[in-house]
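The structure's right below; bear with me while I get my questions together.
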Amino acid sequence: LPPDAEELTDTFRNLVVGAPLDIALDRVRRQVGERRFALGVQLIAAHRDPITIAEAYSDLAEAAVVTLAEATEREFAATHGEIDGELIILALGRLGGRALTNASDLDLILLFDAPLDARSDGRKPLSATDYYNRLGSRIVTALSVPTAVGPLYVVDTRLRPQGSQGMLAVSLDAFDAYQRHEAWTWEHMALCRARPLTGSAETRAKVADAVRSILSVKRDAAKVRADAASMRLEMARHKPPSGPFDIKLGPGGLVDLEFAVHTLQLTTGLGLDPRLEVAIASLHEAGLLDEQVDPDLRLLSRILVTLRLVAPGCMEPAPQSWTLVASLCGHDSWNALMAAAD
């Protein structure tokens, strides 16, 4: 199994130190590609639990994000100088919850913690807002643009305040004000899986505390439940399951489970952890979820991670792989797995 995110980040940093950004992009892509391939081999060789593989995919993505953000910022500072502040990349979704598959997008929000009147000290100085928005755009490009070595990740930044119409990077204070006074219920549900990846330890803790404070605000429980139900119906209309093997979007699948957990988190203020399994444990201990929810999450997660590799596009896996898929998900046969997932 590869090392954790912190050790991987150190490895990647050593690979790109002193290299121009285009060389750094290729080196990180090569490393990520090789390691993703190795994780896939471990999965289909049944050497690792699919949940462990999902955590490893997440650590790999985190190391790539941190390394390329730092490399991009160094190049950016060569022209625009440094500024009194920090950029924080907030992971949401499966990356925030350390549950990536080999095909997952990266859901990211970019924040900055800096005085709004700050200016950079380079030959082409910028205000804090311009500095971090231009830098953020370059970081997203560094993570998503294909190079000669190939692509890296698809990055989705639409969960930021005001969505695609809003600025790419917003100040931490503006983000806090938006979440408290303007955000919709679905935005708070997405925030339940938020986890800061970049910035100093002190700043990451500050952001995590701000997120927890936003999520802890007392809410109208009936309204939250009604909003969640309405959003789930809208999702079903506009993004229906791709087929009977869509473990994520199908009835009783991962999205339904996530909606239930996030609704409880927002209405009770309990289990506020970006990892679903940790949140579920807290909610179960409080008597709000029965003991079957955790094994259900783990079964569905194992199926998702495995099928994303052996049957992309939510297609039925080839019969030759049925025994493997069933075994990886803890069952003796394909029929037993299908019965458990039904």
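Any chance you could count how many residues in the stretch 211-221 are in contact with a helix residue (DSSP H, G or I) (Cβ under 9 Å, 6 or more places away or on another chain), open to solvent by 40 Å² or more (accessible area, probe 1.4 Å) and of a type outside the set (D, E, K, R)?
Selection size over the stretch 211-221: 2.
I need a count of the residues in the stretch 200-220 that are of a type in the set (Gly, Ala, Ser), in a helix (DSSP H, G or I), out of contact with any strand residue (DSSP E or B) (no Cβ under 8 Å at 6 or more places or on another chain) and closer than 16 Å to residue 272 by Cα.
Residues in the stretch 200-220 being of a type in the set (Gly, Ala, Ser), in a helix (DSSP H, G or I), out of contact with any strand residue (DSSP E or B) (no Cβ under 8 Å at 6 or more places or on another chain) and closer than 16 Å to residue 272 by Cα: 3 in total.
Continuing with the same structure: Taking the stretch 149-191, which residues are part of a helix (DSSP H, G or I) and acidic (Asp, Glu)?
The answer is 173, 176, 187.
Now, a different point. Considering each residue of the stretch 318-342, count those that are among the hydroxyl-bearing types (Ser, Thr, Tyr) and open to solvent by 50 Å² or more (accessible area, probe 1.4 Å), and give that number.
Here the count works out to 2.
Filter the stretch 211-230 for residues that are among the aliphatic types (A, V, I, L, M), in contact (Cβ under 8 Å) with a residue 40 or more places away in the chain and farther than 16 Å from residue 191 by Cα and give the result.
221
Follow-up question, since we're still on this one. For the subset of the stretch 278-302 comprising residues that are open to solvent by 20 Å² or more (accessible area, probe 1.4 Å) and touching a Ser or Thr at 6+ places or on another chain (Cβ under 8 Å), which member is farthest from residue 328 (Cα to Cα)?
The qualifying residue farthest from residue 328 (Cα to Cα) is 286.
Based on what the data block shows, is residue 79 of a type in the set (Ser, Thr, Tyr), open to solvent by 10 Å² or more (accessible area, probe 1.4 Å) and within 29 Å of residue 312 (Cα to Cα)?
Numbers: of a type in the set (Ser, Thr, Tyr): yes; open to solvent by 10 Å² or more (accessible area, probe 1.4 Å): yes; within 29 Å of residue 312 (Cα to Cα): no.
Considered against the rule, which asks whether it is of a type in the set (Ser, Thr, Tyr), open to solvent by 10 Å² or more (accessible area, probe 1.4 Å) and within 29 Å of residue 312 (Cα to Cα), residue 79 comes out as no.
Out of 251, 244, which single residue is farther than 24 Å from residue 284 by Cα and either more than 21 Å from the chain's Cα centre (by Cα) or aromatic (Phe, Trp, Tyr) (or both)?
When all the criteria are applied, what remains is 244.
Right, next: Between a first residue in the stretch 128-140 that is more than 16 Å from residue 198 (Cα to Cα) and a second residue that is open to solvent by 40 Å² or more (accessible area, probe 1.4 Å), which pairs have beta carbons less than 6 Å apart while being 6 or more apart in sequence or on different chains?
128/116
Report whether or not residue 261 is open to solvent by less than 40 Å² (accessible area, probe 1.4 Å) and either assigned to a loop (DSSP other than H, G, I, E, B) or farther than 17 Å from residue 216 by Cα (or both).
Criteria not met by residue 261.
Residues to consider are 289, 324; find the one that is out of contact with any Asp or Glu (no Cβ under 9 Å at 6 or more places or on another chain) and under 20 Å from residue 244 (Cβ atoms).
Working: 289 fails: under 20 Å from residue 244 (Cβ atoms).
Exactly one residue qualifies, and that residue is 324.
Now for a different question. If only one of 163, 93 is over 15 Å from the mean Cα position of the chain (by Cα), open to solvent by 10 Å² or more (accessible area, probe 1.4 Å) and not hydrophobic (A, V, I, L, M, F, W, C), which one is it?
Of 163, 93, the one residue that is over 15 Å from the mean Cα position of the chain (by Cα), open to solvent by 10 Å² or more (accessible area, probe 1.4 Å) and not hydrophobic (A, V, I, L, M, F, W, C) is 163.
When you go through (1) closer than 20 Å to residue 148 by Cα; (2) over 19 Å from the mean Cα position of the chain (by Cα); (3) open to solvent by 40 Å² or more (accessible area, probe 1.4 Å) one by one for residue 19, which number turns out not to apply?
Unmet condition: (3).
Return a yes/no flag: does the stretch 303-317 have any residue that is open to solvent by 50 Å² or more (accessible area, probe 1.4 Å), in a loop (DSSP other than H, G, I, E, B) and among the acidic types (Asp, Glu).
Within the stretch 303-317, one or more residues are open to solvent by 50 Å² or more (accessible area, probe 1.4 Å), in a loop (DSSP other than H, G, I, E, B) and among the acidic types (Asp, Glu).
So, of the residues in the stretch 22-52 that are of a type in the set (D, E, K, R) and touching a residue at least 24 places away in the same chain (Cβ under 8 Å), which turns out to be farthest from residue 149 (Cα to Cα)?
Taking the candidates together, the pick is 49.
The values are calculated or read from the model by the stated rules, or taken from the named source; none is laboratory data. Being a predicted model, the structure only gives us computed values, none of them experimental. Heads up, the Cβs are rebuilt from the backbone with ideal geometry, glycines too, and the neighbour counts pull from every protein chain shown. Note: areas computed on protein heavy atoms with side chains; ligands, DNA, RNA excluded. Shrake-Rupley method; radii C 1.70, N 1.55, O 1.52, S 1.80 Å.
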